[in-house]
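Asker: Pasting a structure here, questions to come.
A short reminder: the numbers here are calculations on the coordinates, not readings from a lab. Fair warning: this is a prediction, and the values are worked out from it, not measured in the lab. Cβ coordinates were reconstructed from backbone atoms using ideal geometry, including for glycine residues, and neighbour counts include every protein chain displayed.
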Amino acid sequence: MKQDDEKLADLAEHSIRRQAGLLDKEIQPETELWPRIEAAIKNLPQQEVINANTNRWMPMAMAASLLLAIGSLGFAGYTSYSVNQNTGTFVAEESTLNLIEQPYMVARTGYLTSLVTDEQQMSPEVREVLKKNLKIIDDAAREIHKALEENPNDPFLTDALLLTRQKEMDLLNQVASQGPDTI
Amino acid sequence: MKLVNFQKNLVLVALCYLPGTLLAGEFVEKSLSAQPNGIVEIHNVRGDIKVLGWDKQEVEIRGELDDLAEELIFEKQGKVTLIRVKMPNKNVNHGDGSKLVINIPNGNRLDFSGVSTDLIIKNIDGGIDIRTVSGDVDGKNIHKQLFVTTVSGDIEFKDSSGRAKLGTVSGDIEGNLNSQGISANSVSGDVELELTEFDELSASTVSGDLKIEGKLKDDGEASLNNVSGDITLKLASKVNARANIKSGPGGSITNGLSSDKVKEIFPNQQKLQMTLGDGSGRIKIYTVSGSIRLSGKNH
């Protein structure tokens, strides 16, 4: 059983290596998100804020659903890739970095849009923690991207990027799910 | 006439102080019988709460409620004993939070949610499930399960056991645990765990340090990773595991666990693969730019 697992892991590693070789090096993590969020908050019409407060959990729910849907798609993408790789019929149309980053970027946009509408309800402390840690994650992702440029065939780095993005989703999810009387 | 005026002024002065008196947190002392294997569910937005296990089959609350508390809900709902310090739906940035001591029966599980409540928990053998935002969680002698999530609060456990799932964003995690399965995750906080013996350990951060000490069981698995923090793993006793350790550009590996040599890989990376003992378990560690230090008794 363990041998089978190892074979599967080797195959997955091999497939990631191949995809990593096709990296689109132009994709970079977004820089300094918070100024844009703050600008968006300032530009938000007052009426919208009031409406957002009334239905403040709806965007969160939508973002969470979006994330789940995107997460499923991402996972399906990897699964079908591995299966096709086994049969030797895979044609790589997208780079690994695209596969990893795109779903997270879409999900992140969804979350951040929701959090912008919710920002005025958020305690300054939570807002500061969110801001600081999003920056830490962005810096980390940038560091991994840079490392991948030097060594595109490294599955540890693609794993690290996946885990870093997952941490970002966990962070956004955690802040979003604190509930109306907590953030 | 002067006396009447004086009395009027006295009444006015008293009225002026009355709202202040009403704002002060109300002192409560209440108890309810509870089931032996029930759940005690506590919701308190802010303050300091101590939850202590005891051998009586009742839940008792003593202390001062939040200055802004509207109501204390304390009732039984089947096997759940509910305690909710109800707050107004408005800004709660003034006044003091609750200061309560709550005793719960042995065997009961504690479910807690709060925002900036610091929590001290002792002698709970039915497990805990805690969610806070900025409050610290300090536990001692907690058993069965330890599930804790905070955003910026620190988590610390001593002399505790059971399945543990600990998560923070910027808070630190520190523990002295006897736990078979442990998951500890943070973004920028540090994780420091002293474990007796474990089957399964998963710990990760983005920029925080990981420092783990304990005995990996045969067939056990340990997975540690971060991006830029340092990772230290100190394994007690003889280890039986295959280890796959990797550091990215700028990272480093120091092997004090065996005589196996760390290999340099271009560009500027390091790798260590080794089989310790019969190789039945698995150790997987990686960092992108941090350092990895292994130590133990395998040589």
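Asker: Quick check: from the Cα gyration tensor, does the stretch B:162-299 come out rounded (a/c under 1.5), prolate or oblate? Please report the intermediate quantities before stating the final value.
Answerer: On the way: a/c = 2.09, a/b = 1.08, b/c = 1.94.
It is oblate, given that a/c is not under 1.5 and a/b is not larger than b/c.
Asker: Full-extension gain between residue B:158 and residue B:199, please, as 0.36 nm times their residue separation minus the C-alpha to C-alpha distance. Numbers along the way, then the final one.
Answerer: Details: separation 41, 0.36 × 41 = 14.76 nm, distance 1.92 nm.
Gain in length upon complete extension: 12.8 nm.
Asker: Report the local net charge at residue B:137: Lys and Arg +1, Asp and Glu -1, summed over other residues whose C-beta lies under 14 Å from its C-beta.
Answerer: Numbers: positive: B:50, B:122, B:131, B:140, B:158, B:165; negative: B:48, B:111, B:118, B:129, B:136, B:138, B:154, B:156, B:172, B:174.
For residues surrounding residue B:137, the net value is -4.
Asker: Using only Cα atoms and rounding to the nearest 10 degrees, what angle (0 to 90) does helix B:2-23 make with the longest principal axis of chain B?
Answerer: Once rounded, the angle reads 20 degrees.
Asker: Right, here's the next one. Given the stretch B:162-299, what percent of its DSSP beta bridges are antiparallel, to the nearest 5?
Answerer: Once the DSSP bridges in the stretch B:162-299 are tallied, antiparallel ones form about 15 percent.
Asker: Counting other Cβ atoms within 10 Å, which trypsin sites (Lys or Arg not before Pro) in the stretch B:77-133 have at most 15 and lie in a DSSP loop? Kindly include the intermediate steps, with their values, before the conclusion.
Answerer: Working: sites: B:79, B:84, B:86, B:90, B:99, B:109, B:122, B:131; in loops: B:79, B:90.
Those satisfying the criteria are B:79, B:90.
Asker: Shifting gears a bit: Rounded to the nearest 0.05, what FRET efficiency do residue A:149 and residue B:293 give with R0 = 35 Å and r taken as the Cβ-Cβ distance? Could you check?
Answerer: Values: r = 28 Å, r/R0 = 0.79.
The formula returns an efficiency of 0.80 here.
Asker: Given 0.36 nm per residue, what is the gain on full extension from residue B:89 to residue B:218 after removing their alpha carbon distance, in nm?
Answerer: Working: separation 129, 0.36 × 129 = 46.44 nm, distance 5.33 nm.
Fully extending the segment from residue B:89 to residue B:218 adds 41.1 nm.
Asker: For every helix of n ≥ 4 consecutive DSSP H residues, a contribution of -39,500 (n - 2.57) applies; sum these over chain B, divide by its total residues, and give [θ] at 222 nm rounded to the nearest 500 deg cm²/dmol. Mind dumping the intermediate values first?
Answerer: Numbers: 1 runs with 22 residues, N = 299.
The per-residue figure over chain B is -2500 deg cm²/dmol.
Asker: Amide H to amide H under 5 Å from residue B:197: which residues, 5+ apart in sequence or cross-chain, H placed 1.01 Å off N in plane?
Answerer: Counting only residues 5 or more places away or on other chains, the set is B:179, B:215.
Asker: So, one more: Relative contact order of chain B, please, whole-number percent, based on alpha carbon pairs below 8 angstrom and at least 6 residues apart. Let's see the in-between values first.
Answerer: Values: 952 pairs, mean separation 31.6, N = 299.
Computed over chain B, the figure is 11 percent.
Asker: Report the charge-dipole magnitude of the stretch B:59-104 in Debye, nearest 20, computed about the Cα centre from +1 at each Lys and Arg Cβ and -1 at each Asp and Glu Cβ. Mind dumping the intermediate values first?
Answerer: Working: 7 positive and 8 negative charges, 51 e Å.
For this selection, approximately 240 debye.
Asker: Compute the signed sum of charges (Lys and Arg +1, Asp and Glu -1) over the other residues within less than 14 Å, Cβ to Cβ, of residue B:52.
Answerer: Values: positive: B:50, B:56, B:62, B:122, B:140; negative: B:48, B:55, B:58, B:60, B:125, B:138.
In short, -1.
Asker: Still on this structure, please answer the following. Suppose every Lys and Arg Cβ carries +1 and every Asp and Glu Cβ carries -1, with no other charges. What dipole size does the stretch B:162-299 come out with about its Cα centre, to the nearest 20 debye?
Answerer: Values: 16 positive and 17 negative charges, 92 e Å.
Value, rounded to 20: 440 debye.
Asker: Using the Karplus equation 6.51 cos²θ - 1.76 cosθ + 1.60 (θ = phi - 60°), what ³J(HN,Hα) coupling, rounded to whole Hz, does each residue of the stretch A:155-163 give in order, writing x for Gly and Pro?
Answerer: So the Karplus estimates, Gly and Pro as x, are x, 4, 5, 5, 4, 4, 5, 4, 5 Hz.
Asker: Return the single residue from B:108, B:185, B:141 with maximal mean-square fluctuation; model: Gaussian network over chain B, springs between Cα atoms under 10 Å.
Answerer: In the Gaussian network model the winner is B:141.
Asker: At 0.36 nm per residue, and after removing the present C-alpha to C-alpha distance, how many nm does the segment from residue B:76 to residue B:265 gain when stretched out fully? Write down the numbers at each step before the final one.
Answerer: Values: separation 189, 0.36 × 189 = 68.04 nm, distance 6.25 nm.
Using 0.36 nm per residue and subtracting the Cα-Cα distance, I get 61.8 nm.
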